[in-house]
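First comes the structure, then the notes that go with it.
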Protein chains: 2
Amino acid sequence: MTARGRRNITIKDVARYAGVSTATVSRVLNGSSPVKDELVERVQHAVTTLGYHPNAAARTLKTRKANAIGILVPDISNPYFMQIIKGIEDVMALDFSLLMASSDEDSNKEKKLLNVLSEDRIDCLVLATAGGNDEVIRTIDEKGIPVVLIDRLPESLANVMDSVVEDNFWSAYELAQSMINLGIKSLGIIHGPMSASTAYQRASGCMAAIRQHAPRLAVREYFGDFTLESGERAVEHFLQEDAPEAIIALNNLMAVGAISKLIKHGFVIGKDIVAGSYGAIENYLLFGSSLRYVEQEPRTLGKLTGRVVQRRLEDRHAEVVSHVVKQQLGITVK
Amino acid sequence: MTARGRRNITIKDVARYAGVSTATVSRVLNGSSPVKDELVERVQHAVTTLGYHPNAAARTLKTRKANAIGILVPDISNPYFMQIIKGIEDVMALDFSLLMASSDEDSNKEKKLLNVLSEDRIDCLVLATAGGNDEVIRTIDEKGIPVVLIDRLPESLANVMDSVVEDNFWSAYELAQSMINLGIKSLGIIHGPMSASTAYQRASGCMAAIRQHAPRLAVREYFGDFTLESGERAVEHFLQEDAPEAIIALNNLMAVGAISKLIKHGFVIGKDIVAGSYGAIENYLLFGSSLRYVEQEPRTLGKLTGRVVQRRLEDRHAEVVSHVVKQQLGITVK
DNA sequence: CTGACAGGAGTAATCGATTACAATACAAGA
DNA sequence: TCTTGTATTGTAATCGATTACTCCTGTCAG
């Protein structure tokens, strides 16, 4: 009934149909060396009438170029990483495929995926690591698939391979400073998991700002794990005593959890309590109350990452680059 | 300095190191036929000490299995599609890679990407088409890469290949009905682009509900394009006359645009005007006002899609299935 | 004791493209 | 006319794995 499973058209078929050798077909297709106009036309005609598509596996096997880059992030459904991926896509050529996988913040799953991805099917790997696989990553990079680290930068890999990360320290510093400038007397900080380099650096940034600009601020801390629920728990924790005048959540998910919990407790954000978030909150504009936040620009980061990848593909021996991108501070107001 | 570019370890190296033939190595690796325990051990030892990874291209070339599925959607940064992808990932084996691309709702770009993807690098293609490529899609499916259509189902392809779509008609019907039941006298409807099957079916569902349950309802329509901006324009359009008592946006982005515009004009959602949306709005809970919406469950749809893919991979000649999934109605209240 | 058969391992063909090298034709210069 | 060079095209090796076949060895029924 259907023609499924029919043998595919190969370069041989095209060659036979056009009455030339496979070498000539290949040359026409890749423009790798000159071919007489007449033959070019015959080949092109054969290609279209037969509906020929080159076999990517065969080409990859011979040329050692996969025309694909791998992207491994902790969570593909996180809009932050999606925007980064979108940014990478923006700058990559159309015939470059993106091989994606998500580790779900699980080092073991990440390790397995790294193994699959290192089977020579990608030309470059963009990686936001869940941690704990430094050795494997280093091996992949050394073995021949260049790695570009994004978002998270394990200490042992810094300056060993290319990286594109946010300036977590200074962005958090400025966020904290902008809240201190409002003259608050007390502050609740909701941290991420200290195993993540991002969380640690944001924490350091906050603390530095406090030490420098408000050493006598009453600070209370809660150690969450970057999830919405831990934001909620943080607020419950803070409300066991007098509520702080301001609250900072060091990622957007925790901010959402914290703010929704505060609202449930009857707080009016921006009036009863000042809120700050590392990362914007989607559709917060609808809500219309005030929020100070670090304006991450994942799409821009993605584009930058894409350029780093291209540079690395062009020259495997180019100097290692480490981009640390400063973010802007934003504020939504009623 | 670095060892980048070093020749990779191949199956030959493993064979030599273990003192066996490549055939034996392959048999050990794939368990395709029995091998004596002693040799198994020698081979496994060689594999680990040499750090051997099979070459995916070579394997794919020979076996015609890519161990990868392609996913082509109009917009990867749309959380709806991301959740679908996440769902697919949930059910696929770990060694299956996802090759992703996004067409940006552009038929031409989609066509190019379809060509790249059909170069034998995937075993199956999951596609939410931007439209206009029915013939190409049919060819790919017939040529040997089975296609599973999701979200959008072009008429000419229905029942030709597997599909997983929402029951747009009935979900929209019920959304409209639930608003009619509130006793409204006038309604503004914001449509998507009629070229998209989803938009058309949602429109039909709304209209059917009105015809059946409130034939005398004063209905006004605006034809948008599923973007946030067109939602804003729709509201501007409606407000040129008396505001309707209720408003339905037939996708979530237009709903966000419409609602934010209404708020800017001083409307209190749920009090001055009733709002309905096909698809939930992220973080709307924070906002806390009432909204009726069709609760899409993209992750569930993704899992279902994954199962359809697996079934198709197992048996290329299995009967074509068309899943039409009914969505739930949701409501957020103050 | 012999032929049949099965388990286990090796040899070499194969997948479909690219490309080094060889071969050919033709034109220009000696 | 002969040499040399240039422009095209073809031939066949190659990439790294899988697998059809072949071969050897030992077991067992007859």
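Brief remarks follow.
- Residue check, A:Ile69 within 10 Å of chain B (Cβ to nearest Cβ), more than 16 Å from DNA strand C (Cβ to nearest atom) and either under 30 Å from the mean Cα position of the chain (by Cα) or at pLDDT 95 or above (or both): no
- Tallying residues that are under 16 Å from B:Asp167 (Cβ atoms), hydroxyl-bearing (Ser, Thr, Tyr) and buried (at least 16 other Cβ atoms within 10 Å of the Cβ) within segment B:191-250 yields 3.
- Residues satisfying the stated conditions in segment B:1-25, i.e. away from DNA strand C (no atom under 13 Å from the Cβ), exposed (fewer than 15 other Cβ atoms within 10 Å of the Cβ) and among the aliphatic types (A, V, I, L, M): B:Met1, B:Ala3
- Test for B:Ala93: is it within 16 Å of DNA strand C (Cβ to nearest atom) and more than 25 Å from B:Gln296 (Cβ to Cβ): no
- Residue match in segment B:93-103 (condition: within 17 Å of B:Val308 (Cα to Cα) and part of a strand (DSSP E or B)): yes
- If you go through segment A:57-66 and keep only what is assigned to a helix (DSSP H, G or I) and more than 9 Å from chain B (Cβ to nearest Cβ), you end up with just A:Thr63.
- Residue count for segment A:233-272 under the criterion of being acidic (Asp, Glu) and in a helix (DSSP H, G or I): the result is 1.
- Condition check for A:Ile150: among the aliphatic types (A, V, I, L, M) and within 16 Å of DNA strand D (Cβ to nearest atom): no
Results for (1) hydroxyl-bearing (Ser, Thr, Tyr); (2) in the same structural domain as A:Ser230 (by TED's automatic domain parsing), shown as yes or no for each residue.
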site	(1), (2)
A:Ile259	no, yes
A:His265	no, yes
A:Lys271	no, yes
A:Ser277	yes, yes
A:Ser290	yes, yes
A:Arg307	no, no
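- Residue list for segment A:26-40, restricted to those being within 12 Å of DNA strand C (Cβ to nearest atom) and either under 17 Å from A:Ala58 (Cα atoms) or among the β-branched types (Val, Ile, Thr) (or both): A:Ser26, A:Arg27, A:Val28, A:Leu29, A:Asn30, A:Val35
- Pairs where the first residue, in segment A:29-53, is on the phi > 0 side of the Ramachandran plot and part of a helix (DSSP H, G or I) and the second is of a type in the set (Val, Ile, Thr) and within 12 Å of DNA strand D (Cβ to nearest atom), C-beta under 7 Å, 6+ apart: none
- A count restricted to segment A:181-218 and to residues that are in contact with a Cys (Cβ under 9 Å, 6 or more places away or on another chain) and over 19 Å from A:Pro74 (Cβ atoms) stands at 2.
- For segment A:298-307, the criterion of being within 30 Å of A:Ile269 (Cα to Cα), outside any helix (DSSP H, G or I) and not hydroxyl-bearing (Ser, Thr, Tyr) is met by no residue.
- B:Asn283 satisfies every condition listed in (1) touching a Phe, Trp or Tyr at 6+ places or on another chain (Cβ under 9 Å); (2) touching a residue at least 60 places away in the same chain (Cβ under 8 Å); (3) under 24 Å from B:Phe81 (Cα atoms) except (2).
- Scan segment B:174-195 for residues that are closer than 16 Å to B:Gly131 by Cβ and out of contact with any Asp or Glu (no Cβ under 9 Å at 6 or more places or on another chain) and the total you get is 2.
- The one condition in (1) among the polar types (S, T, N, Q); (2) assigned to a helix (DSSP H, G or I); (3) touching a strand residue (DSSP E or B) at 6+ places or on another chain (Cβ under 9 Å) that B:Ser77 fails to fulfil: (2)
- From the options A:Ser102, A:Ser107, residue that is crowded, with 21+ Cβ neighbours inside 10 Å and of a type in the set (Ser, Thr, Tyr): A:Ser102
- Some residue of segment A:327-334 being under 18 Å from the mean Cα position of the chain (by Cα), part of a loop (DSSP other than H, G, I, E, B) and not charged (D, E, K, R): yes
Residue by residue, here is whether (1) more than 9 Å from chain A (Cβ to nearest Cβ); (2) away from DNA strand D (no atom under 11 Å from the Cβ) holds:
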| site | (1), (2) |
| --- | --- |
| B:Ile11 | yes, no |
| B:Val14 | yes, no |
| B:Val40 | yes, yes |
| B:Val73 | yes, yes |
| B:Ile88 | yes, yes |
| B:Asp95 | no, yes |
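- So A:Ala255, is it among the small types (Gly, Ala, Ser), touching a residue at least 24 places away in the same chain (Cβ under 8 Å) and more than 13 Å from every other protein chain (Cβ to nearest Cβ): no
- Tally, over segment A:42-66, of residues that are basic (Lys, Arg), under 28 Å from A:Asp120 (Cα atoms) and either away from DNA strand D (no atom under 11 Å from the Cβ) or surrounded by 13 or more Cβ atoms within 10 Å (Cβ to Cβ) (or both): 3
- Given (1) touching a residue at least 40 places away in the same chain (Cβ under 8 Å); (2) in a helix (DSSP H, G or I); (3) over 12 Å from the mean Cα position of the chain (by Cα), number of the condition B:Gln83 does not satisfy: (3)
The values are calculated or read from the model by the stated rules, or taken from the named source; none is laboratory data. Just so we're clear, the structure is a prediction, and the values are computed from it rather than from any experiment. Methodologically, a virtual Cβ is constructed for each residue, glycine included, from the backbone with ideal geometry; neighbour enumeration extends over all protein chains shown.
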